[in-house]
């Protein structure tokens, strides 16, 4: 089934009914158009593609919410804009949290509280070492070495979804073992941790 804008109502009806063919045709028609749209807000192609993938995921999971006489075009572009804004806000919040922690960490060092500082770092390293082998490998490639999910998937010959699941699993386990401020130390001290030799995966 090929998508044509003039037959939008028919496509909406088909998607609402669970037609994968209709969904696929809309995906093929809009994917690159939506990527170009999101690139108006960011110069990062990977971010744009992540946004668009999320848009199509929501299109399918929320297909029953589509209005039979609504505008699919308007719906998709609105989803793309809102998804980008959500990511932008999350990144800003994360940056603010990292800055607060950075200042706190520097303050601890200036006050001579290096022992407590090193203790936190040791707890995080130990918790990472205790992760399942594949989970640790994916987590370190992402958080320590800065590889994106797609890059990791290609390097390890696994799906992007598997990478996302492994990173999420690692974060869940680490949060159970270390305090939030200790975990943030890991992200703040990437350069330091790059010099630390974690046990290799066999």
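The values are calculated or read from the model by the stated rules, or taken from the named source; none is laboratory data. Nothing here was measured: the structure is a model prediction, and the numbers come from that model. Neighbour counts run over all protein chains shown; Cβ positions are idealised from the backbone, glycine included.
Figures for the structure shown
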| quantity | calculated |
| --- | --- |
| Any hit, region 178-191, residues being modelled with pLDDT of 60 or more, surrounded by fewer than 14 Cβ atoms within 10 Å (Cβ to Cβ) and not assigned by TED's automatic domain parsing to the domain that holds residue 47 | yes |
| Sole exception among (1) in contact with a helix residue (DSSP H, G or I) (Cβ under 8 Å, 6 or more places away or on another chain); (2) part of a helix (DSSP H, G or I); (3) at pLDDT 85 or above for residue 78, by number | (1) |
| Count of residues meeting criterion [assigned to a helix (DSSP H, G or I) and either farther than 16 Å from residue 58 by Cβ or out of contact with any helix residue (DSSP H, G or I) (no Cβ under 7 Å at 6 or more places or on another chain) (or both)] in region 6-21 | 10 |
| Single match in 136, 120, 161 (criterion: surrounded by fewer than 17 Cβ atoms within 10 Å (Cβ to Cβ) and either in a helix (DSSP H, G or I) or at pLDDT 80 or above (or both)) | 161 |
| Count - residues of region 37-57 that are closer than 20 Å to residue 150 by Cα and in contact (Cβ under 8 Å) with a residue 12 or more places away in the chain | 12 |
| Number of the condition not met by residue 47 [criteria: (1) in contact with a helix residue (DSSP H, G or I) (Cβ under 9 Å, 6 or more places away or on another chain); (2) in a loop (DSSP other than H, G, I, E, B); (3) at pLDDT below 90] | (2) |
| Residue match in region 82-91 (condition: out of contact with any helix residue (DSSP H, G or I) (no Cβ under 6 Å at 6 or more places or on another chain), outside any helix (DSSP H, G or I) and modelled with pLDDT of 85 or more) | no |
| Those residues of region 139-152 which are closer than 19 Å to residue 53 by Cα, assigned to a helix (DSSP H, G or I) and modelled with pLDDT under 90, in sequence order | 149, 150 |
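Table: residues versus (1) assigned by TED's automatic domain parsing to the domain that holds residue 163; (2) more than 19 Å from the chain's Cα centre (by Cα); (3) within 22 Å of residue 14 (Cβ to Cβ).
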position: 42; (1), (2), (3): no, no, no
position: 47; (1), (2), (3): no, no, no
position: 53; (1), (2), (3): no, no, yes
position: 61; (1), (2), (3): no, no, yes
position: 66; (1), (2), (3): no, yes, yes
position: 70; (1), (2), (3): no, yes, yes
position: 75; (1), (2), (3): no, yes, yes
position: 78; (1), (2), (3): no, yes, yes
position: 93; (1), (2), (3): no, no, no
